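Notes for the one structure printed next.
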Amino acid sequence: MTDYKMLCAQLAALTEGVDERISNLANAAALLYHTLPDLNWAGFYLLRRGALRLGPFLGRPACVRIPLDRGVCGTAAARGETLLVPDVHAFPGHIACDAASASELVIPLQVGGALYGVLDLDSPKKGRFTEADRTGLEAFARALETALERGE
Ligand code: SME
């Protein structure tokens, strides 16, 4: 089981004193991708000019623009709530960037009191993400938001 307390501490150490948001997002994606087992994609979509745009990530090349309300990412962003999808093929409107993806967890991020983007994690394993992962990764997202608040 992933030690999320440790993961949040590692994120805090990596982001300490860093005021470049893109640098913090890139290191957060790398930390997640190399710590969590069974992932094929870990990264961010950022809200720019009315749509989610591809941000820092590790994994295969992905779709560059996702309208709000479309796919798992756009739906989570529009609702402002985490979406844990155990089987992406059963999710209406799922956008298959990597055919290997079987389950997905998307957590919206807020900066300055407004939607900033989403954290997106994909797994080739059905049912990869548990409630414990959701809770732990929401804590990770809150720690990341704190780091992003002081950046540009
Ligand atoms: N599957 C996502 C699209 C992004 S990729 O998985 C990286 C979705 O349905 O929103």
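Laboratory data are not the source of any read-out in this text; all were calculated from the coordinates shown. None of these values were measured; they are calculated from a predicted model. All Cβ positions, glycine included, derive from the backbone under ideal geometry; neighbour counts span all protein chains shown.
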**Fill in**
Quick shape check on the chain: root eigenvalues a ≥ b ≥ c of the Cα gyration tensor, a/c under 1.5 is rounded, otherwise prolate if a/b tops b/c, else oblate, and it reads oblate
**Asked** Once you list every other residue whose beta carbon is under 12 Å from the beta carbon of Thr82, what net charge do they have if Lys and Arg are +1 and Asp and Glu are -1?
**Response** -3
**Message:** Given the options Ser103, Phe140, Gly71, identify the residue whose Cα lies farthest towards the positive end of the charge dipole of region 32-145 (+1 on Cβ of Lys, Arg; -1 on Cβ of Asp, Glu).
**Reply:** Gly71
**Message:** How big is the dipole moment of the chain about its Cα centre under a simple scheme where the beta carbon of each Lys and Arg is +1, that of each Asp and Glu is -1, and everything else is neutral? Debye, nearest 20, please.
**Reply:** 380 debye
**Message:** Below 12 angstrom from the Cβ of Ala51, what's the summed charge of the other residues (Lys, Arg +1; Asp, Glu -1)?
**Reply:** +4
